[in-house]
Number of protein chains: 2
Amino acid sequence: MSDATRIMRVADRFAMKRGGCLAEVQLAYETWGERNEHDSNSVLLFTGLSPSAHAASSPADERPGWWEWMIGRGKPIDTDVYHVICVNPLGSCFGSTGPASINPATGRPYGPDFPELCIEDMARSAHALVDLLGIERLHTVAGVSLGGMTALAYAIEFADQVEQLVSISSAMRAEASAIAIRSLQREIIRSDPAWKQGWYFPEAGPVDGMRLARKLGIISYRSAEEWRQRFGHDRLSPPGRDVHGFGLEFQVESYLDANARRFVSGFDANCYLCLSRSMDWFDVAELGGTDEAALARITAHRALVIGVESDSLYPLHQQRALADLLCELGRDVEFVAMPSIQGHDAFLVDLERFAPVLRSFFKDHALLAEKQHYLVRQCAANE
Amino acid sequence: MSDATRIMRVADRFAMKRGGCLAEVQLAYETWGERNEHDSNSVLLFTGLSPSAHAASSPADERPGWWEWMIGRGKPIDTDVYHVICVNPLGSCFGSTGPASINPATGRPYGPDFPELCIEDMARSAHALVDLLGIERLHTVAGVSLGGMTALAYAIEFADQVEQLVSISSAMRAEASAIAIRSLQREIIRSDPAWKQGWYFPEAGPVDGMRLARKLGIISYRSAEEWRQRFGHDRLSPPGRDVHGFGLEFQVESYLDANARRFVSGFDANCYLCLSRSMDWFDVAELGGTDEAALARITAHRALVIGVESDSLYPLHQQRALADLLCELGRDVEFVAMPSIQGHDAFLVDLERFAPVLRSFFKDHALLAEKQHYLVRQCAANE
């Protein structure tokens, strides 16, 4: 958890969508920039499955965040203009309540006793946080991947408090192939004997299962074209660790292995299982009867929907379907199809393509004028 | 193993490409049709990683084979015209020598003592079989997937004995993304405690690891588009087996599970590991210094190269590269890009598209004339 992370107890007795109840919910979040005079500049950002709320550096924590090039002074989401709040979702393990948190009823981690987690629970708990922060309306709710689903649920369930929606590499529901991959990841984790039906000790979790599941995750997050260019058929020189005659021989194997080993040291397996499953369960139609009825609940007047041509997890046509439907419902929609080769993960790495699109969307002239006014007034006061 | 399967001891002291030596090699094979008068009608067929030599039914074994609609009387590869030989490759476990075979030196299965297996070893052992059968020239060497690589190696190494080459959903080498997937499959199998560094008892192998690896295999063999159409976001009704709160809920999960469970009952894990690794290692450039020099060794005058647009394991551009290079080298090449949605596995299931292409290629007018002649002569003899 970052030094800049704040923790807020957002609810006692939090009832979950699929049943069950949490005795208390806390959420971890980070903020950048200041709320303006009219409290009209807050951007709520939902992360993908694995990152923490540390989306960008700040004086309180100078380590680069997962969207460092997107959020900050003079950056596409300009913190001289906007007040950005990034939330670690309910169910995760970076400060928010999740399966790794202590269950007050037993004094030990919830583990498998954590109630079934849905995207809608993440949205509703984040709304409680926004409420406690005293923010009545959000300038923008934005999300990437899992977070895009959460942003969509938020914009539907709390429609009158959301002015703009940004959905990146996400969808109204998962495709069968994405469900297949995530289902397999979960089964790999659960097949590790160290998982112990979820009752592992925190320091002795199923690291092998998590490492293998993460490798499959990375395969689904990137694209064949990117790896063709980066790794081709290139071998390691010298070869890597040898494991019973099946050592690492190819560059791509070494890349996967190093990435997966970094990941598993920090992520709780039960949290991963719950968050992963919530993405399969999500279906926007449940929020209105049909996709159209659900999206019709959105009152945000403007939306930015971004998809990536090489994304095999949330294919481009899924973002196009969301944008088209919002457009048919009369919203002002900007749909961008990125030709990035980095697949689902492009929003993390393809600065060159994503930064200008986000910068342009967040060039809100009213807010910029207000900021100018504010600066002028400040100068006057200082004189 | 099929009742129609024959076993041939093809070598004593068989030296392997990457070092090591097998004291004896036997291969399992099946045949359909008869060798003609000039012994000019033999088609050698190499399978993908997992099937046996039982490619089609016959009076000796009436169960449908893995390419039932392709091989037989009046079928695209017409056994009234052709003599078809399908080989279970070296390293597999359906009658051919492989890691599950008894090591004569120890009296127990080779297991991890099986020497490192290459595609070229499969080609060379199959050549020994063809030699022992007394066939001097092959009308066609054909292969699918792994078998396409073997057919290519065969057509290079034994060029003067091959008249035509058929390569389906294969490549001159694996892509980085295919290596990543197979490497992960192998690691999943090796991570199953029941693998025991390869020294499991045959009846107590790593079935869980094999089941998970097979699921990943299926994900890589089919396409997102096919599953979108077949399964969408559809749930099972009633839900499937519940496993610690993570039961099968979606149609696609049930499909994967049923398929994987069928598979693991029949396939030896060490064989799977060796065959899988051989596909990553294969690089046609090793057979000539460069791709071009390797393919220049081929003297087959005619080739059919088929790729599938939705194949993510051996993407279409890989088959196009093979066809283009053969064409540049002056071979008569037919390249077919199939718009099938079944991905890498299309050759197994997309009868409608594959059958006419193969039928047309195998309409060899010289042979058909000869058959006509033969029938006429038979009639004369019978009168």
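Residue-by-condition table, conditions (1) out of contact with any helix residue (DSSP H, G or I) (no Cβ under 6 Å at 6 or more places or on another chain); (2) within 15 Å of A:Arg182 (Cα to Cα):
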{"residue": "B:Ser177", "(1), (2)": "no, no"}
{"residue": "B:Pro202", "(1), (2)": "yes, no"}
{"residue": "B:Asp208", "(1), (2)": "no, no"}
{"residue": "B:Leu256", "(1), (2)": "no, yes"}
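Take A:Gln185 and decide whether it is crowded, with 18+ Cβ neighbours inside 10 Å, in contact (Cβ under 8 Å) with a residue 12 or more places away in the chain, more than 7 Å from chain B (Cβ to nearest Cβ) and more than 19 Å from the chain's Cα centre (by Cα). Write out each step before concluding.
On the way: crowded, with 18+ Cβ neighbours inside 10 Å: yes; in contact (Cβ under 8 Å) with a residue 12 or more places away in the chain: yes; more than 7 Å from chain B (Cβ to nearest Cβ): yes; more than 19 Å from the chain's Cα centre (by Cα): no.
No, not satisfied.
For the stretch A:237-262, give me the residue count where each residue is away from chain B (no Cβ under 12 Å) and either modelled with pLDDT of 90 or more or out of contact with any Leu (no Cβ under 9 Å at 6 or more places or on another chain) (or both).
Adding up the residues that qualify gives 5.
On the given criteria, is B:Phe361 surrounded by 17 or more Cβ atoms within 10 Å (Cβ to Cβ), touching a residue at least 24 places away in the same chain (Cβ under 8 Å) and within 24 Å of B:Cys118 (Cα to Cα)?
Considered against the rule, which asks whether it is surrounded by 17 or more Cβ atoms within 10 Å (Cβ to Cβ), touching a residue at least 24 places away in the same chain (Cβ under 8 Å) and within 24 Å of B:Cys118 (Cα to Cα), B:Phe361 comes out as no.
Which condition breaks for A:Ser170 when tested against (1) crowded, with 20+ Cβ neighbours inside 10 Å; (2) in contact with a Lys or Arg (Cβ under 7 Å, 6 or more places away or on another chain); (3) closer than 28 Å to A:Ile71 by Cβ?
Failing condition for A:Ser170: (2).
Of all the residues that make up the stretch A:289-323, how many are in a loop (DSSP other than H, G, I, E, B) and either within 14 Å of another protein chain (Cβ to nearest Cβ) or on the phi > 0 side of the Ramachandran plot (or both)?
The initial filter retains those residues of the stretch A:289-323 that are in a loop (DSSP other than H, G, I, E, B), namely A:289-290, A:297-301, A:309-315.
Those still in the list that are either within 14 Å of another protein chain (Cβ to nearest Cβ) or on the phi > 0 side of the Ramachandran plot (or both) too: A:289-290, A:309-315.
Residues in the stretch A:289-323 being in a loop (DSSP other than H, G, I, E, B) and either within 14 Å of another protein chain (Cβ to nearest Cβ) or on the phi > 0 side of the Ramachandran plot (or both): 9 in total.
What number of residues in the stretch A:197-212 are part of a helix (DSSP H, G or I) and more than 10 Å from chain B (Cβ to nearest Cβ)?
First, the residues of the stretch A:197-212 that are part of a helix (DSSP H, G or I): A:197-198, A:202-204, A:207-212.
With the extra rule that they be more than 10 Å from chain B (Cβ to nearest Cβ), the set shrinks to A:202-204, A:207, A:210.
Looking only at that region, the number is 5.
For the stretch B:324-344, enumerate the residues that are within 14 Å of chain A (Cβ to nearest Cβ) and under 22 Å from A:Arg228 (Cβ atoms).
Filtering the stretch B:324-344 down to residues within 14 Å of chain A (Cβ to nearest Cβ) leaves B:341-344.
Within the stretch B:324-344, B:Gly343, B:His344 meet the criteria.
Within the stretch A:263-275, which residues are under 19 Å from the mean Cα position of the chain (by Cα) and more than 10 Å from every other protein chain (Cβ to nearest Cβ)?
Taking the stretch A:263-275 and keeping what is under 19 Å from the mean Cα position of the chain (by Cα), we get A:263-264, A:266-275.
Listed by number, the residues that qualify are A:Phe263, A:Val264, A:Gly266, A:Phe267, A:Asp268, A:Ala269, A:Asn270, A:Cys271, A:Tyr272, A:Leu275.
Filter the stretch A:213-236 for residues that are of a type in the set (Lys, Arg) and within 30 Å of A:Pro109 (Cα to Cα); which is farthest from the other protein chains (Cβ to nearest Cβ)?
Pass one, the stretch A:213-236, residues of a type in the set (Lys, Arg): A:214-215, A:222, A:228, A:230, A:235.
Filter once more, keeping what is within 30 Å of A:Pro109 (Cα to Cα): A:214-215.
Working: A:Arg214: 10, A:Lys215: 5 Å.
Only one residue fits best here, namely A:Arg214.
When you go through A:Glu226, A:Glu163, A:Glu175 one by one, which is the residue that is closer than 30 Å to B:Phe231 by Cβ and surrounded by fewer than 22 Cβ atoms within 10 Å (Cβ to Cβ)?
Numbers: A:Glu163 fails: closer than 30 Å to B:Phe231 by Cβ; A:Glu175 fails: surrounded by fewer than 22 Cβ atoms within 10 Å (Cβ to Cβ).
None of the other options fit; the residue is A:Glu226.
For B:Ala151, all conditions in the list (1) more than 23 Å from A:Leu273 (Cα to Cα); (2) at the interface with chain A (Cβ under 10 Å from one of its Cβ atoms) hold save one; what is the number of the exception?
Every condition holds for B:Ala151 apart from (2).
Is there a residue being free of Cβ contacts under 8 Å to residues at least 12 places away in the same chain and buried (at least 16 other Cβ atoms within 10 Å of the Cβ) anywhere in the stretch A:263-282?
No; the residues of the stretch A:263-282 include none that is free of Cβ contacts under 8 Å to residues at least 12 places away in the same chain and buried (at least 16 other Cβ atoms within 10 Å of the Cβ).
For B:Cys327, are the conditions met, namely being part of a helix (DSSP H, G or I) and free of Cβ contacts under 8 Å to residues at least 12 places away in the same chain? Talk me through it step by step, then tell me what you get.
Working: part of a helix (DSSP H, G or I): yes; free of Cβ contacts under 8 Å to residues at least 12 places away in the same chain: yes.
It is true that B:Cys327 is part of a helix (DSSP H, G or I) and free of Cβ contacts under 8 Å to residues at least 12 places away in the same chain.
Quickly run through the stretch A:3-21 and pick out the residues that are within 22 Å of the chain's Cα centre (by Cα) and farther than 23 Å from A:Gly134 by Cβ.
Kept after step one, since they are within 22 Å of the chain's Cα centre (by Cα), are these residues of the stretch A:3-21: A:3-11, A:14, A:16-18.
Matches in the stretch A:3-21: A:Asp3, A:Met16, A:Lys17, A:Arg18.
The values are calculated or read from the model by the stated rules, or taken from the named source; none is laboratory data. Fair warning: this is a prediction, and the values are worked out from it, not measured in the lab. Heads up, the Cβs are rebuilt from the backbone with ideal geometry, glycines too, and the neighbour counts pull from every protein chain shown.
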